[in-house]
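One structure below.
The values are calculated or read from the model by the stated rules, or taken from the named source; none is laboratory data. Quick caveat: nothing in here was measured; it's all calculated off a predicted structure. Cβ: placed from backbone, ideal geometry, glycine included. Neighbour counts: every protein chain shown. Surface areas here come from the heavy atoms of the whole protein model, side chains and all, with no ligands, DNA or RNA. Shrake-Rupley method; radii C 1.70, N 1.55, O 1.52, S 1.80 Å.
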Amino acid sequence: ITFLKGAIFVILGMGLFLMGVKLGMLPLGEAIGADLPKHGSVIFIAIIGFLLSFMATVAEPDVRVLSTMIESVSDNGIPRNTLIISISLGVGFFVAASMLRIIYGIPLKHMLFVGYLIVVLLAFFTPVEYLAISFDSGGVTTGPVTVPVILALGIGISSVLRGKSELSESYGLIGLASLGPILSLMILGILSH
């Protein structure tokens, strides 16, 4: 009976949360994304994309759970706030790069190839304890808060740029955004040892 009550509360909670995302976060992200190109500054678009995705990642529950688990397992060797900031910086940087990719029409495969080539090279220098955490951090950024914000921004920007398809141009945003935390935590591991 306790399990069934818990399951019902989880289903209701997630249902209400996702309804809030659909009614609030997606339209807001699309409106912001559609308004950004009107300012005429590519730097402004990149900065706003960075800030919004950074804040969404800081608020992401999955990132907080991962950082708490890592902090407890590492006996406070890797501080929780350092992990959250590092993961959020990685997502923010790569969302900004994704916005520039959409604007300048850079092929997704080129960015993914270069990004994962850097990941492979950094893997040789990253301490072992940071290596697994890096790849886990890429996975937790695809949670219910970060993904809608990133997708809505990408769709909004693509919708106002002439000759750009909303679906094809916003495709790959999450893949690139997930690459950011992997690289940022690998760099953190290299710098901390």
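For the range 1-159, the spread of Cα coordinates along the three principal axes comes to 54, 44, 25 Å, biggest extent given first.
Among HIS110, HIS193, the sequence by solvent-accessible area, most first, with a 1.4 Å probe is HIS193, HIS110. Between GLU71, GLU60, GLU30, the GNM of the chain built on Cα springs shorter than 10 angstrom shows GLU71 fluctuating the most.
For the chain, the membrane-span-like helix rule (DSSP H, alpha carbon extent of at least 20 Å along the helix axis, mean Kyte-Doolittle at least 0.0) picks out 2-20, 42-59, 80-104, 108-123, 146-160, 173-192; this says nothing about an actual membrane.
Descending by average beta-carbon neighbour count within 10 Å, the peptides 138-145, 76-83 line up as 138-145, 76-83, the highest first. Dipole check for the chain: with +1 at the C-beta of Lys and Arg, -1 at the C-beta of Asp and Glu, and the Cα centre as origin, the magnitude is about 400 Debye. Helical runs assigned H by DSSP (4 residues or longer) give the chain a calculated mean residue ellipticity at 222 nm of -26500 deg cm²/dmol, each run adding -39500 (n - 2.57) before division by the residue total. Within the listed set VAL21, VAL149, VAL120, the residue fluctuating most in the Gaussian network model of the chain (springs between alpha-carbon atoms under 10 angstrom) is VAL120.
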